[in-house]
Amino acid sequence: MMAKKRHGDSGEIPEIPFVAPAGTPAGVEVMSLDDLRRRLAASDFARPQRPAFHHLLHVAAGTLRHTVDFRAHVLRPGSWIWVRPGQVQQWGDLAGAEGTLVLFETDFLDPATAAAARVDDLHGTVLVPHPPADAVARALDLALAHLTHEFHALGQLPLAPHTAALRHLLAVLVLRLAHPGTSAGGPVPEPNETYARFVAAVEQHFTRIRRVEDYARMLGYSSRTLSRATLAAAGVNAKEFIDRRVVLEARRLLAHGDATASQIAHQLAFPNPTHFSKYFQRRTGQTPIAFRTTVRGRA
């Protein structure tokens, strides 16, 4: 279940840990949006959240706006969204929507499934367009129905087999979401190894390394090769990809944390606050302080 926010003194964005409901297998939970409304107060939905676990959200009826890392998504019947651990999300008004929410920790899945579904790719949400292709929608609906049924069938099997069944059924769902196919039924091109290695390196080092040449040297590629691979997979060159990741973290810290701009500059390894401010303003059109004032004024 989703626990309440824990506030610390570090200025970091507080994370929400996963807490399994009493008597259920640790690491996964399936609930309806109606269950979620009954469980949490309206004020809990209004606050930005940074969960340490995955959210798979399927809207079956109505419309729901869901904001993830400052991007608002409009979810209509048939839509799915996958919010990854560490992403900052904010719920819209749930009164006009019905659907299902699947929460799970990464290590609930077996390593082979986690790798095949790319669950550690933390760069953005997976949003299945509305309406999904008929074959895709049927497969996703069936996988979700089986997972939901098994989760609520606690006690019909011993706990260990029940947990194993949930793990397998969740694997089917995440693999279907990670590889949905296209409206024509063809496969989605897989990101190549160069891009996958670059993404992993950026995620590990972006707080202190911002030059493409440094990543190229680290990974054994040329800068041109990295940029070609990133452009093909993400639609931007390697430098833009790095900058977007740095700016995203700066936005998260400014919007949802208590650290000063100077402290954030230090966290992101800028030589001084002025350099950070100019870097941020060039890429967003606002100074860090102006961005914080604007985004908090909307809350």
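A short reminder: the numbers here are calculations on the coordinates, not readings from a lab. Remember, predicted model here, so these are calculated numbers, not experimental data. All Cβ positions, even for glycine, are placed from backbone atoms using ideal geometry, and neighbour counts span all protein chains on display.
A few comments on the model shown:
- Two-site label geometry, R282 and T67: point separation in nm, points 7 Å out along Cα→Cβ: 2.8
- Sequence of V28, V247, V128 once ranked by neighbouring C-beta atoms within 10 Å, starting from the fewest: V247, V128, V28
- Evaluating 6.51 cos²θ - 1.76 cosθ + 1.60 at θ = phi - 60° for every residue in the range 95-107, the Karplus couplings come out as 4, x, 9, 10, x, 10, 10, 10, 10, 7, 8, 4, 6 Hz, glycine and proline recorded as x.
- Paramagnetic reach from A20 in the range 88-108 [backbone N under 14 Å; point 7 Å along Cα→Cβ]: 103-108
- Measure of compaction for the chain (Cα Rg per 2.2 N^0.38 Å): 1.05
- Helical content of the chain, expressed as a calculated mean residue ellipticity at 222 nm, amounts to -14000 deg cm²/dmol (DSSP H runs of 4 or more residues, -39,500 (n - 2.57) each, divided by residue number, nearest 500).
- Each Lys and Arg adds +1 at its Cβ and each Asp and Glu adds -1 at its Cβ; summed about the Cα centre, the chain shows a dipole of about 1180 debye.
- Over the C-alpha trace of the range 28-178, radius of gyration and Dmax come out as 14.9, 43 angstrom.
- All distinct Cα pairs of the range 193-297 go into the 1/r average, and the inverse of that average, the Kirkwood radius, is 14.3 Å.
- Signed unit charges on C-beta, dipole axis of the chain, positive-most listed residue Q204, L33, Q263: Q263
- With neighbour counts taken as other beta-carbon atoms within 10 Å, the residues E150, E213 rank, fewest first, as E213, E150.
- Exposure proxy for I81, I242: other Cβ atoms within 10 Å of each Cβ, ordered fewest to most, give I81, I242.
- Q263 paired with T106, simple spin-label distance in nm, labels 7 Å along Cα-to-beta-carbon: 2.6
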